[in-house]
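Notes to accompany the following structure.
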Amino acid sequence: GKSALLGRYVLSLADQPVPRPFVYLDFDRTDVDPARERSLIERMTRNLGLLYAGLASSRDFYAIEAAAAGDTLEQPLADWLPRGSTDEELLLNLNQRLEFLDTDYFVLIFDTFEQVALRGPDVMHRFANFLQLVLQTLPHARVILSGRGHIALPLDMHRLALKDLDAESADAVLEARG
């Protein structure tokens, strides 16, 4: 259901001569921690660097990743690092790099969002603040939050609840999967 729908959408983004910029982060992975905003920026830029590997823009995304990770580099590599050390400054640098791709929007997918809710209200609040910062600094971002159950964030967003498949559709999905 949910994962197959997200998978098809991600494949449609990647199935272009130059893929539309997107990032898929799954909160089921231990290295994707909603309480560590800086690590989310690091993961976002690493994924974009991999998506555009072989293109000149990949270096720019890796530079932001290095800055988010707090890496120190030898000269002349240090010249690659963006200036600024706050989350806002790193996201503004990311926005500049995305603008060079000349695309109308950037897709950011957070999956298994129920893992954030299980961490409690403090983590939900921190993540909501981070998401608000992302939306302010990356004006072309389209954010998808996917999870089981109700996603309760104090943000203005369009909600789309997917219903369970009827028996016939569920059988068709299982048959198609072999």
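The slack in the chain from A56 to E114, taken as 0.36 nm per residue of separation less the alpha-carbon distance, amounts to 17.2 nm. With 0.36 nm allotted per residue and the present C-alpha distance subtracted, the R36-S85 stretch has 16.1 nm of extension available. Residue by residue, segment 132-144 carries 3J(HN,Hα) couplings of 5, 5, 4, 5, 6, 8, 10, x, 9, 6, 10, 9, 10 Hz when phi is fed to the Karplus relation 6.51 cos²θ - 1.76 cosθ + 1.60 (θ = phi - 60°); x denotes Gly or Pro.
The listed residues E65, E99 rank as E99, E65 when sorted by accessible area, largest first, using a 1.4 Å probe.
Summarising the amide proton neighbourhood of D26: residues at separation of 5 or more, or on other chains, whose placed amide H is nearer than 5 Å comprise D111. Length available on full extension from E99 to H125: 0.36 nm per residue minus the Cα-Cα distance, which gives 6.4 nm.
Kindly sort T86, T72 by accessible area of their heavy atoms, largest first, with the probe set to 1.4 Å.
Most to least solvent-accessible, the answer reads T72, T86.
Taking amide H as placed 1.01 Å from N in the peptide plane, the amide H of F106 sits under 5 Å from that of A141, R142, each at least 5 places away or on another chain.
The values are calculated or read from the model by the stated rules, or taken from the named source; none is laboratory data. Remember, it's a predicted structure, so these values are computed and weren't measured experimentally. Ligands, DNA and RNA are stripped out before the accessible areas are found, and what is left, the full protein with its side chains, is counted by its heavy atoms. Shrake-Rupley method; radii C 1.70, N 1.55, O 1.52, S 1.80 Å.
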